[in-house]
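I have placed the structure first, in the form of structure tokens, so that the comments after it can refer back to it.
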Amino acid sequence: MTYRGRFAPSPTGPLHFGSLVSALASWLDARAHRGAWLVRIEDIDGPRTVPGAAESILSTLERFGMHADEPPVWQSRRMPRYQQALEQLKSTGLIYPCGCTRKEIADSLLHAHARNTTLAYPGTCRTGLHGKPARAWRLRVPDGDAAVITFQDRWQGRQTQNLATEVGDFVLRRADDQWAYQLAVVVDDADDHITHIVRGADLMDSTARQIYLQRCLGAPTPHYLHVPVVMNEHGEKLSKQNGATALDDDQPLDALKAAARHLGLDLTTTTSGPNTAETLESFYPAATAAWAKRMGIRE
Ligand code: GLU
């Protein structure tokens, strides 16, 4: 197997400590496997993309010593490919246009909640648009046992999600004419031949959807590893929206050591003896050895 991993930031702001943890974990896993590490800028969500953020993330990664093995992939340049994937799914009848507004879906979920039944999209438009204009495209999820997706997460263990009862038919092309993250990420991971996905546990909930979509598109399923997310003092996921500060490009070592600590890595000993990781040059070999040991990877 030729290992290919990636870090796939959304350019909604500069790199912060939470995203550094995901970047570092994916970098270390690729290096511990002697594989390739790619960077993909997930800039298809027009309204959320901040001008200049992608360039800032790329330059911070460089300053921190995480060099990608191939030029970055920009999702905004791959729109025709997402259209092609949508057409493929259309031709096999796996997707359908949906005319539901947010309010209609929220109302039906509220009713479902009151009846204590499923909180998934109820599939209102499965049987047709009922005179409403088409707004989005949804992927039909299977019923019964086929709806249960199970995978082994390399950090979190065995995971199971029932797509029919927990998610429902999900959106691939949004009502605001944007490509949904789920479609773009699956198409790109397949086209980039990604074998191992290492990212934050906030994306765990998307993984079953992505595995199902891979099957629909005839793409292989990569190995998954979801690292614990970094919380702020209020117990919320650290994000640009709740006050995460940009990393200081001039002080990479302290932030990297803190990220390694968050990943539970012991940098004081390596297979080749004590290593205190006091420079950027000594940090990476020590952290890679510690990651390999923690994850049971034979280097
Ligand atoms: N772009 C996503 C984010 O920044 C990550 C996607 C992924 O790693 O699959 O949250």
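Readers should treat all values here as calculations from the given coordinates under stated rules, not as data from a laboratory. Please read all numbers here as calculations on a predicted model, not as lab measurements. Using ideal geometry, Cβ is built from the backbone for each residue, glycine included, and neighbour counts are taken over all protein chains shown.
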Restricting to Cα pairs under 8 Å and 6 or more apart, the percent relative contact order of segment 1-149 works out to 20 percent
Between R173 and residues 5 or more places away or on another chain, which pairs have amide H atoms under 5 Å apart, with H built 1.01 Å from N, and which residues are they? W137, A180
For segment 113-246, what is the relative contact order in percent, using Cα pairs closer than 8 Å and at least 6 residues apart in sequence? 23 percent
Using Cα springs under 10 Å in a Gaussian network model of the chain, which residue among W27, W74, W179 shows the largest mean-square fluctuation? W74
Dipole of the chain, Cα-centred, from +1 at each Lys and Arg C-beta and -1 at each Asp and Glu C-beta, to the nearest 20 debye? 940 debye
For the chain, cysteines with no other Cys Cβ under 4.7 Å from their own Cβ are listed as C100, C216
Estimated FRET transfer efficiency (R158, D249; beta-carbon r; R0 30 Å; 0.05): 0.15
What list of ³J(HN,Hα) values in whole Hz, one per residue of segment 225-239 in order, does the Karplus curve 6.51 cos²θ - 1.76 cosθ + 1.60 (θ = phi - 60°) give from phi, with Gly and Pro shown as x? 9, 10, 8, x, 7, 8, 9, 8, 5, 9, x, 9, 4, 5, 8
In whole percents, the bins of 10 Å from zero upward hold the Cα-Cα pairs of segment 115-238 as 12, 37, 36, 14, 2
GNM flexibility winner over the chain from K90, K240, K132 (Cα, springs under 10 Å): K132
Treat each spin label as a single point 7 Å out from the Cα along the C-beta direction, and report the H234 to T165 distance in nm. 3.4 nm
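Counting only other residues whose beta carbon sits under 13 Å from that of I194, what net charge do I get with K and R as +1, D and E as -1? Don't jump to the answer; show the numbers that get you there.
On the way: positive: R4, R6, R40, R199; negative: D29, D69, E70, D188, D189, D191, D192.
My count for the surroundings of I194 gives -3.
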Scalar couplings 3J(HN,Hα) for segment 245-262 by Karplus 6.51 cos²θ - 1.76 cosθ + 1.60 (θ = phi - 60°), nearest whole Hz, x for Gly and Pro, are 8, 5, 6, 8, 4, 8, 10, x, 5, 4, 5, 5, 5, 5, 5, 5, 5, 4
Could you state the number of Å between the C-alpha centres of segment 1-29 and segment 117-181? 26 Å
With 0.36 nm assigned to each residue of separation and the Cα-Cα distance removed, K132 to S91 gains 12.5 nm
Suppose a student asked you for the relative contact order of the chain, using Cα pairs under 8 Å spaced at least 6 residues apart; what percent would you report? 23 percent
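Count the lysine pairs in the chain whose Cα atoms sit under 23 Å apart, keeping only pairs 8 or more residues apart in sequence or on different chains.
Working: K90/K132; K103/K132; K237/K257; K240/K257; K257/K293.
Qualifying lysine pairs in the chain: 5.
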Quick check: the angle from helix 102-114's long axis to the longest principal axis of the chain, C-alpha only, nearest 10 degrees? 90 degrees
DSSP-defined beta bridges in the chain - what % are antiparallel, rounded to 5: 60 percent
Can you tell me which of R209, R199, R34 moves the most in a GNM of the chain? Springs connect C-alpha atoms under 10 Å apart. R34
